[in-house]
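*Asks:* First the structure, which I've put down as structure tokens, then a few questions once you've had a look.
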Amino acid sequence: MRQTTDSWDRKGGSFLSRFMATKKKGGLDGVTDDGSDPGDAARPEGMDAQLFRHTVDNMGFRPKFPQPPAYIKVRTKFKKEKQFDRMFLAQELRSSNDKTQVPAPGANPAPQSGSAASHNPIWATEFSKDGKYLAAGGQDRIVRVWSVISTAEERRAHEKDESEPVAPGDEGSRLSAPVFQQKPVREYHGHTATILDLSWSKNNFLLSSSMDKTVRLWHITRQENLCTFKHTDFVPSIQFHPRDDRFFLAGSLDTKLRLWSIPDKSVAFWTQVPDMITAVSFTPDGKTCIAGTLSGLCMFYETEGLKYQTQIHVKSTRGQNAKGSKITGIQTTHWPPGSSSGETKLVVTSNDSRIRLYNLRDKSLEMKFKGHENNCSQIRASLSSTGHIVCGSEDRRAYIWSTSVSDAEKRAPQQRPVEMFEAHSSISTCAIMAPLKTKLLLARSEDPIYDLCNPPPITLVSKAESIISSRAPTEHGEFASSALNTPAPSIAASKRHTVDPTPQYLARSAHVGGNIIVTADYTGAIKVFRQDCAYSK
């Protein structure tokens, strides 16, 4: 038997039961809404939310600005004002068309490699660096990539693709504020077991790691697998080098940390780590590699040669979490979040249902976040450019913390405010917030929420275009330009003049109150929740 299996057996339990097993434990079920909102009691839970849709009649009419969406219930703890109020379900993406089965309480949600599995959990979701794409992978061994709707033409194409045959005298419905094209732009096949992690490069290359002991390389412009990197055991975590996408870091259960050279298709450097590697990361400058282990060790290495630097043990000072728990995720960022320089901080997720923020410089623990349940799953938190930590949970919720610290929190660090909402009817395996670049792209697509919140610059058109565009469409869907005895001008021929956006408009385009949170669950469902930043209008 292999060394990894022997060491696992000494810890007790099989790999699957320890790697992703769930354990029902008391959570925040008794938490009520501290934030007071008159209509909040009538709001549905996120898992019961209705999609934000509008009806379209047989003539194809749709309102420019639909009726306000139905908001979901958002709970708070240790705070009264909700920063993430007025959330609604904007879109649902399915990872497959297969029927799924929700696991019973106490069941083992460990990833299965066989095709007979009745469930289809998503274990990894990742936005591309340019904010244009969302990738997801998990149980069904397929990497799917969805494209953000970024132009008015793409929005109209989405509406056309979404349209269903409408019976005479009946009405159809359309999504009112979708974020993604409903159909994936790519579906990558090749893995023969559960996908565990994904990583985008700055040039839109995509890596996927799997329980089939391989890492595969893809590119958004290509359908085929570009390269396969073989390992001797499962690969729970991977990451592209942040400055040079010819290299990537891979952590495996064979206890080896590898720095791969993609052009050479070989390992440039490797080192032995004291325990099974369950999470890896680079620092933002790419000069330091970090490996998290099964026992809670966080190991630091110089990227050049993978020379050992130091280590910290991620654990509590006392209590049941004092022995250390498996690290499920590591993310590094410049501080403050969203900046391109400054101090470097680490966000470390672990299986003691804690998320910790460390200072890279002196390895000191600066903040600790709790409230979610992550006892045995490979759930990992993510830090957004707005300074919010978002995380899924075994209790089916999505949790959101702010990293800004008030005076009250400094006096009582154990009472760190948190907001949460019921996202799914099963384990919420992933939760991430869309980056600023995604919101900027969406704002260019005549998105009804963003356009109402921040009206776009005026587009000047000719008098002929104005008359034509004001006329009703014909039965063929074209404007009746024959009445004017003039042909309808094409987009290329029309002379449109858009007023340059003002600095105020550009500042509002960040839509600070219009966040997008993507969650995924154990059944393979992917939900897109949005915050209504145009509620006052």
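The values are calculated or read from the model by the stated rules, or taken from the named source; none is laboratory data. Computed from a predicted structure; not experimentally measured. Glycine also receives a Cβ, built like all others from the backbone with ideal geometry; neighbour counts cover every protein chain displayed. Calculation scope for accessible area: heavy atoms of the full protein, side chains included, ligands and nucleic acids excluded. Shrake-Rupley method; radii C 1.70, N 1.55, O 1.52, S 1.80 Å.
*Asks:* Would you mind checking region 177-194 for residues with the amide N under 16 Å from a putative spin-label position 7 Å along Cα→C-beta of Thr228?
*Replies:* Answer for region 177-194: 188-194.
*Asks:* Moving on. Please work out the average accessible area per residue across region 291-355, using the 1.4 Å probe convention, and give it in Å².
*Replies:* Working: 2590 Å² over 65 residues.
Here the per-residue accessible area is 40 Å².
*Asks:* Could I ask something else about it? Output the pairs from Lys287/Lys439; Lys230/Lys256; Lys183/Lys265; Lys77/Lys370; Lys132/Lys345 with a Cα-Cα distance over 21 Å in this structure; if there are none, say none.
*Replies:* On the way: Lys287/Lys439 30 Å; Lys230/Lys256 13 Å; Lys183/Lys265 33 Å; Lys77/Lys370 11 Å; Lys132/Lys345 26 Å.
In this structure, Lys287/Lys439; Lys183/Lys265; Lys132/Lys345 exceed 21 Å between Cα atoms.
*Asks:* Another one. Please give the peptides 320-332, 245-257 ranked by average Cβ packing (other Cβ atoms within 10 Å per residue), highest first, as a rough proxy for protection.
*Replies:* 245-257, 320-332
*Asks:* Carbon-plus-sulfur fraction of the accessible area of region 184-237, 1.4 Å probe, in percent? Don't jump to the answer; show the numbers that get you there.
*Replies:* On the way: 930 of 1900 Å².
Summing carbon and sulfur atoms, their accessible area is 49 percent of the total for region 184-237.
*Asks:* Given Cβ point charges of +1 (Lys, Arg) and -1 (Asp, Glu) and nothing else, what value in debye, to the nearest 20, does the dipole of region 136-287 about its Cα centre take?
*Replies:* Numbers: 19 positive and 20 negative charges, 124 e Å.
Roughly 600 debye for region 136-287.
*Asks:* Okay, moving on. Take each of the peptides 361-367, 235-241, average the number of other beta-carbon atoms within 10 Å over its residues, and list them starting from the highest.
*Replies:* Numbers: 361-367: 12.3, 235-241: 25.1.
Sorting 361-367, 235-241 by mean packing, highest first, produces 235-241, 361-367.
*Asks:* Cβ neighbours within 10 Å, averaged per peptide: list 377-389, 148-160 in order, most packed at the top.
*Replies:* Values: 377-389: 22.5, 148-160: 16.4.
In decreasing order of mean packing, 377-389, 148-160 become 377-389, 148-160.
*Asks:* Kindly state, to the nearest 0.05, the FRET efficiency for Arg318 paired with Glu343, given R0 = 30 Å and r defined as their beta-carbon distance. Can you show the working numbers first?
*Replies:* On the way: r = 28 Å, r/R0 = 0.95.
It comes out at approximately 0.60.
*Asks:* Averaging sequence separations of C-alpha pairs under 8 Å and six or more residues apart, then dividing by the length of region 265-412, give the relative contact order as a whole percent. Let's see the in-between values first.
*Replies:* On the way: 330 pairs, mean separation 20.4, N = 148.
For region 265-412, the relative contact order is 14 percent.
*Asks:* Long-range amide H contacts for Phe247: which residues qualify at under 5 Å (H placed 1.01 Å from N, peptide plane, sequence gap of 5 or more or a different chain)?
*Replies:* Under 5 Å from the amide H of Phe247 lie the amide H atoms of His241, Ile262, each far enough along the sequence or on another chain.
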